[in-house]
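Here the structure comes first, spelled out in structure tokens, and everything after it is commentary.
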2 protein chains.
Amino acid sequence: MDTRAPAPKLQFDTDPTKYRHWTLAVDGEVGRLTMKVQPFGGANSELELKSNSYDLSVDIELADAIQRLRFEHPGVKCCVITSAHDKIFCAGANIYMLASSTHPFKVNFCKYTNETRLAIEDASQNSGIRFLAACNGATAGGGYELALACDEIVLIDDGSSTVALPEVPLLGVLPGTGGLTRVVDKRKVRRDLADAFSALAEGVKGKRAVEWGLVDAVVPRSKFADTIAQRARELAAKAPRAERGPVVKLDPISEYRHVKLQLDEKSRRAELTVRGPADAKRVEDASFWPLRMARELDHALLRLRFEHENVGLVIVRTEGDRKIAHQMGELLLADDGFMREVRLNLARTIRRLDVTARSLFAVVDRDSCFSGPLFELLLACDRSYLLDADGVEVWPGSLSAGALPGWNGLSRLETRFLADPQRAQRVLAAAKEGPIDATAADKLGLATVFADDIDFEEELRVAMEERASISPDALTGMEQNFRFAGPETLATKIFGRLSAWQNWIFIRPNATGERGALTMYGKPERPQFDFRRT
Amino acid sequence: MDTRAPAPKLQFDTDPTKYRHWTLAVDGEVGRLTMKVQPFGGANSELELKSNSYDLSVDIELADAIQRLRFEHPGVKCCVITSAHDKIFCAGANIYMLASSTHPFKVNFCKYTNETRLAIEDASQNSGIRFLAACNGATAGGGYELALACDEIVLIDDGSSTVALPEVPLLGVLPGTGGLTRVVDKRKVRRDLADAFSALAEGVKGKRAVEWGLVDAVVPRSKFADTIAQRARELAAKAPRAERGPVVKLDPISEYRHVKLQLDEKSRRAELTVRGPADAKRVEDASFWPLRMARELDHALLRLRFEHENVGLVIVRTEGDRKIAHQMGELLLADDGFMREVRLNLARTIRRLDVTARSLFAVVDRDSCFSGPLFELLLACDRSYLLDADGVEVWPGSLSAGALPGWNGLSRLETRFLADPQRAQRVLAAAKEGPIDATAADKLGLATVFADDIDFEEELRVAMEERASISPDALTGMEQNFRFAGPETLATKIFGRLSAWQNWIFIRPNATGERGALTMYGKPERPQFDFRRT
């Protein structure tokens, strides 16, 4: 199954004028995202995306729209997500696209859609945008998972439209985008009903869908539009006040200004370098360093995931003026809507790093600028190599006290020092006094490896070679278990638990083998299973 | 990889007179479990178990010994776990055994060893038995994972003995028994050090092992025995007082008295019937119904897992006198050591059911006795089929208020009604008034499907056939996500998250393919990897 066509080249940078599948309309406090997938407008134009089924190109537009709602439409307090089709809300991820994709692409596709759904929930929780899924027709698989990411789900009651997760009975795989977790852990559907629902290919409709807690309401066709409009107004009115500042137009990424991604495909290694800000001034537009830098970093991570599958190790470097970077970090803590949105965006980007299935080694040397917001990159890495020399410093700022939480809800310092929260406090206290030199940083527990000029390059070289020799699967499994130490959240359950089960099932012959259910979908023969239970 | 030899037939019932690999010695408050694996004494006598490496037969003895410490040695407050070899504590699971096993066996083997380690922790937390790992030599892989399950780890400081998790760098798989989770979540080792440790095949020794938090102390050979003896006495002295009642000899299981397991291999279905007690009298020996029944049920579940891999659906039935079963449940709540041990054992057994990768449908009809402790079986099932007829009743008791928690730490009623804890209370309140008839039980939310005589058998038949047609892998993934709704614990992290990553990695060509690391172990050629990261 690993000989199939490679993933298509994708554009991760888009804007509403380029959308092929979505329209974003704003009317006062209410936004409206309408999905109408162009059947031959996906990333692979030879694959038909029927019934509002989606591929990655569709989800990239959705992710972009959510970002723009936050920055470009600060007045929006509720966003309706609906479909322009008459009897179909969304049929989920396109099955033929999935069945013909490589395993790495499938996994990365699911990860990306998970991040987009979690970004919807982040916008609801932190930015006062309530989401209303207006399911105006059949809502299946990833379509229902999109609805589950919303605050409310209203399903049309037309005698036929259902919500459904048909993946298990029909395709022999798990729903790919957090569906199982959200059914029992977010909507808290009774687990036996969740079982019955998820084993029922045709789904559940009408009153039963409400009784089981799968949707919040069902509404007849004649009243659907009015009800949605009214509930949207109500949701907007009840949304927590979270000022989002002035309108900030998000410019195209095109060329990186603050991020450099250098690839060495032969050694399967990348160097990811982030340059600190040139000054610590507040600028209320998309050129503001923490916003632009994070957007570039985000873009670079997506390229890495989808275009450089063989790269297993990322050396994370920083450069620039540590004092300015530190000042920028303190500036970022300002208590206003614009700054909060910039912080939230940065936090989401670093969380994208947390679930990037590549080994991450931070290198802290004389050129480094692990200072202010960039200090978080050190903490996000699997290891840090710290040069024992004069002039080597790190300088955490107040941001590291919890303003940029990881998926587990803790600050990265708290996660690092789970055994003794005092140690996180000691790092923050030391940084209040000024930059922390190499020896002090090591004593504070910030170095995995601390070596002087004589040994440093050799230690790093050996570590890089060792890493490159280890099974990439085992590394992914190990890293995902270590990166999510501490408390569990909906997100860690999705990325830590659910994704692992998906990965396993995706690669089982029962799903993707010659006679597996995913392979056989749409063919006249039935799938054949090895029924041994594991 | 699915054409290999089937799992050997195993005896799950043993006692110290039959042990081939362990000795259990008791001296006052201190017990001592000494491991000396018979190289050709495992389940497959043609496979050499070198270096105190283990197979399932070794772990069955360990599990038995832990049970006997609780019931037969109520005076023991600390148990030392050590090895009879001079330079080896334990090399972990035997790699050739793993490499030559089928995927279902590997998964079930890991699950069983996980349950045994969690039983050690349960004995520490609830029964006042502290465990001290006396690592008198090399402690690798599953050997270190066994140590991690103990309250304290002391490693010999002889210049060479290390603790190690060499699975990732050496075998391309994850440690199979909770190692990664316990390193960062139980011992709270810094995640970057955990990364360095787990990628280092040779492991960590001496002072560094203490500094990193991998062990609690290192002790030179000359002082090792004395130090262990002293620490064991101290641990015993500090152990929380938890009376365990009189000595209760655990008799052999041989024939079932209260449990019936009927297999229909053709339809890949089993009927598991548990008969309620004949009377509600306290008997302080192994014939006491809740103890004997749970031990039989435990035994039946292991047979199901290892001997009937194709059976995917278990119909769970009960029979007997509901009033007596209810009285027995109330009796079980008595606040003394014997009863507490019986309760804890029952809770462990039902948790074994929770992680048995088979679909579980409870059938509640006129003959049923889902009453007292047996009511928990209904809640443990994925679905319940309730007959709408006179004479059909369920009768939960006070035990269901939290005395038999699931892996997530909640009662099964709480997990069922996550959305509204009041509903759990309503069930308990109704049961205080007497048996709950079918209509009331349905209203209280205890039925997945509620059907009258005309439809009941047909509903059940269709559901069983549907279940039998679905991919067994997808069902396992779905069930494992729904059964662990709610809060996360070390155990849910291990069974929900870590196990899934293991399953995935075990089946990847990079581990078990022709040139995978596990397959190639011990051969002169190096493994070959597909380096695409997922």
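The values are calculated or read from the model by the stated rules, or taken from the named source; none is laboratory data. In this text, all values refer to a predicted model and were calculated from it rather than measured experimentally. Please note: Cβ atoms are built from the backbone with ideal geometry, for glycine as well, and neighbour counts cover all protein chains shown. We work out accessible area using only protein heavy atoms, side chains counted, and drop any ligands, DNA or RNA first. Shrake-Rupley method; radii C 1.70, N 1.55, O 1.52, S 1.80 Å.
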Item checked: Heavy-atom accessible surface that B and A bury in contact, both chains counted, 1.4 Å, Å² to 100 -> 8500 Å²
Note to self: Taking the full set of protein chains and a 1.4 angstrom probe, give the accessible area of A:Ile470 in square angstrom, rounded to the nearest 10.
What the structure shows: 10 Å²
Notebook entry, point to check: Would you list B:Tyr96, A:Tyr112 from the most to the least accessible area, probe 1.4 Å?
Noted result: B:Tyr96, A:Tyr112
Notebook entry, point to check: Just in the range A:453-505: which GluC sites (Glu not before Pro) are loop by DSSP and have at most 16 other Cβ atoms within 10 Å?
Noted result: none
Next item on the list: Give the percent of DSSP beta bridges with both residues in chain B that are antiparallel, rounded to the nearest 5.
Entry: 25 percent
Note to self: Tell me the mean residue ellipticity at 222 nm calculated for chain B from its helices only (DSSP H runs of n ≥ 4, each -39500 (n - 2.57), averaged over every residue, nearest 500).
What the structure shows: -12000 deg cm²/dmol
Next item on the list: Could you pull the copy-to-copy label distances for A:Gly402, with points set 7 Å along Cα to Cβ, in nm to one decimal and sorted shortest first?
Entry: 2.7
Note to self: Please report, for B:Arg241, the nm distances (one decimal) from its label point, 7 Å out from Cα along the beta-carbon direction, to the equivalent points in the remaining copies, shortest first.
What the structure shows: 5.8
Next item on the list: Considering only lysines 8 or more places apart in sequence, or on different chains, count the pairs in the range B:195-264 whose C-alpha atoms sit under 26 Å apart.
Entry: 5
Check: What nm value, rounded to one decimal, do you get for the distance between B:Glu211 and A:Gln38 when each label is placed 7 Å out toward the C-beta?
Finding: 6.0 nm
Next item on the list: Using Cα centres only, tell me the gap between the range A:314-378 and the range A:212-252 in whole Å.
Entry: 33 Å
Note to self: Let me check something: with ligands and nucleic acids excluded, how do A:Asp86, B:Asp151 order by accessible area (1.4 Å probe), largest to smallest?
What the structure shows: A:Asp86, B:Asp151
Next item on the list: Estimate the FRET efficiency between B:Lys281 and B:Arg423 by the formula 1/(1 + (r/R0)^6), using the beta-carbon distance for r and 30 Å for R0, to the nearest 0.05.
Entry: 0.35
Item checked: Shortest-first nm distances, B:Lys266 label point to equivalent points in other copies (7 Å, Cα→Cβ) -> 6.5
Notebook entry, point to check: A:Ser222 versus B:Ser254, label points 7 Å from Cα toward the beta carbon: distance in nm?
Noted result: 7.6 nm
Check: So what does B:His73 come to for accessible area, using a 1.4 Å probe and Å² rounded to 10?
Finding: 50 Å²
Note to self: Rolling a 1.4 angstrom probe over the protein chains, ignoring ligands and nucleic acids, what is the accessible area of B:Asp367 in square angstrom, nearest 10?
What the structure shows: 110 Å²
Notebook entry, point to check: If you rank B:Ile454, A:Ile60, A:Ile88 by how much accessible surface each has, with a 1.4 Å probe, what is the order from largest down?
Noted result: B:Ile454, A:Ile88, A:Ile60
Next item on the list: Place +1 on the Cβ of every Lys and Arg and -1 on the Cβ of every Asp and Glu in the protein assembly as shown, take the dipole about the Cα centre, and give the residue among B:Met328, A:Ala430, A:Ala84 whose Cα lies farthest towards its positive end.
Entry: A:Ala430
Margin query: With only alpha-carbon pairs counted, each pair once and no self-pairs, how large is the Kirkwood hydrodynamic radius of the range A:38-109 in angstroms?
Written below: 13.7 Å
Check: Going by a ≥ b ≥ c, the root eigenvalues of the Cα gyration tensor, does the range B:318-427 fall in the rounded group (a/c under 1.5), the prolate group (a/b larger than b/c) or the oblate group?
Finding: rounded
Next item on the list: Mind running the shape call on the range A:73-219? Use the C-alpha gyration tensor, a ≥ b ≥ c as the square roots of the eigenvalues: rounded below 1.5 for a/c, prolate if a/b tops b/c, oblate otherwise.
Entry: rounded
Check: GluC sites (Glu not before Pro) within the range B:192-268: which are DSSP loop residues with at most 16 other Cβ atoms inside 10 Å?
Finding: B:Glu202, B:Glu243, B:Glu255, B:Glu265
Checklist line | Neighbour cut-off at most 13 other Cβ (10 Å), DSSP loop, trypsin sites (Lys or Arg not before Pro), the range B:360-412 | finding: B:Arg366
